[in-house]
Amino acid sequence: MQQKVSGDFDHMVLLYKNSETLINKITEYILNGFAKGEPAILVLKSTHKLLLEQQLKLNGYDLNVLNSTKRLFIFDADETMQKILVNGKPDTENFKELISSLFSQFQSRPDNIRVYGEMVAVLWSQGHKRAALELEKLWNDFGNDFKFDLFCAYSHTDLDDTDFVTVLGDIDRCHSRVVTPQTQLG
């Protein structure tokens, strides 16, 4: 079993029931980061990418400007995940290389980077629960070396498991905190 995350690294998880709730929380998370001068890296499912782009536009943000000023980078979760998997499992070296390259997008090192990722949710929804938890651990290990906050989410529909309490315990141990739709993401 993995140890509960501690220290300065904030690894949050949201258990959500609908995409609207999820998109609202991701938007809140990155906009609050922008207000603090923190850029964001998002690794999203394609459906969530379109919804988030619409939400950012509704909030007055031009995605081309965000990208050209290196405040926001958006990547596809499925494509990104395939770059780190070896025989269906996350590979430590592939992960470090890929995530380091994502972080290198920033010309100067910001005080903090906000990351939202759905690769673990994709693995989990495909029934690869052990691989998802291994990927959570890799993120946590990476959090010891770089200053960033990580936000991820699992759909309630993907957690429909016969041993729900054990599943929630496994997910909880990988994160520093569980957030709800009501939690303020400062």
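Using R₀ = 30 Å, calculate the FRET efficiency as 1/(1 + (r/R₀)^6) where r is the Cβ-Cβ separation of LYS83 and ARG173; round to 0.05. The calculated FRET efficiency here is 0.70. P(r) tail for segment 1-86: Cα pairs beyond 23 Å make up 31% of the total. Each residue, THR183 and LYS96, gets one label point 7 Å from its Cα in the Cβ direction; the gap between the two is 2.9 nm.
Considering every Cα-Cα pair within segment 11-60, what fraction, in whole percent, is farther apart than 16 Å? Summing the P(r) of segment 11-60 above 16 Å gives 39 percent of all pairs. Assuming charge only on the beta carbon of Lys and Arg (+1) and of Asp and Glu (-1), the dipole of the chain about its Cα centre is about 360 debye to the nearest 20. At full extension, ASN67 and ASP141 could sit 23.9 nm farther apart than now, given 0.36 nm per residue minus the alpha carbon distance.
Taking amide H as placed 1.01 Å from N in the peptide plane, ILE74 has its amide H under 5 Å from the amide H of LEU42, each at least 5 places away in sequence or on another chain. Farthest towards the positive end of the charge dipole of the chain, among the residues ILE41, ASN67, GLN126, is the Cα of ASN67, using unit charges on the Cβ of Lys, Arg, Asp and Glu. Return the tail of the calculated pair distribution for the chain, meaning the percent of Cα-Cα pairs more than 30 Å apart. It works out to 12 percent of all Cα pairs.
Residues whose amide H lies under 5 Å from that of LEU14, counting only those 5 or more places away or on a different chain, are CYS152, ALA153, TYR154, VAL179; hydrogens are built 1.01 Å from N in the peptide plane.
Which entries of LYS17/LYS57; LYS36/LYS89; LYS57/LYS89; LYS70/LYS129; LYS36/LYS129; LYS57/LYS137 show an alpha-carbon separation above 31 angstrom in the structure shown? Intermediate results must be reported in sequence, preceding the final value.
Details: LYS17/LYS57 24 Å; LYS36/LYS89 36 Å; LYS57/LYS89 36 Å; LYS70/LYS129 33 Å; LYS36/LYS129 35 Å; LYS57/LYS137 34 Å.
Flagged as over cut-off: LYS36/LYS89; LYS57/LYS89; LYS70/LYS129; LYS36/LYS129; LYS57/LYS137.
Find how much the distance from ASP111 to ASN32 grows on full extension, using 0.36 nm per residue of separation minus their present alpha carbon separation; answer in nm with one decimal. It would help to have the intermediate numbers written out before the result.
Values: separation 79, 0.36 × 79 = 28.44 nm, distance 1.45 nm.
Working it through step by step, the gained length comes to 27.0 nm.
Computed from Cα positions, the angle between helix 92-103 and the longest principal axis of the chain comes to roughly 20 degrees.
When the scattering of segment 44-134 is computed by the Debye formula from its Cα atoms alone, each counted once and equally, what is log10 I(q)/I(0) at q = 0.12 Å⁻¹? Calculated log10 I(q)/I(0) at the listed q: -0.44. Summing +1 for each Lys or Arg and -1 for each Asp or Glu among the other residues whose beta-carbon sits under 11 angstrom from that of ASP62 gives +1.
For a protection proxy built on the mean count of beta-carbon atoms within 10 angstrom, sort 36-49, 123-136 highest first, please. Numbers along the way, then the final one.
On the way: 36-49: 17.9, 123-136: 19.4.
Top to bottom by mean Cβ count within 10 Å: 123-136, 36-49.
How far is helix 19-35 tilted off the main Cα axis of the chain, in degrees rounded to 10, range 0 to 90? So the helix axis and the longest Cα principal axis differ by about 50 degrees. The string of couplings for segment 70-86 from the Karplus curve (6.51, -1.76, 1.60, θ = phi - 60°) is 6, 9, 8, 10, 10, 10, 7, 5, 5, 5, 5, 4, 4, 6, 10, 7, 10 Hz, one whole number per residue in order, with x for Gly and Pro.
We did not get these values from a lab; they are worked out from the coordinates using the rules stated. Because the structure is a prediction, the values reported are computed rather than measured. Note: ideal-geometry Cβ built from the backbone for every residue, glycine included; neighbour counts use all protein chains shown.
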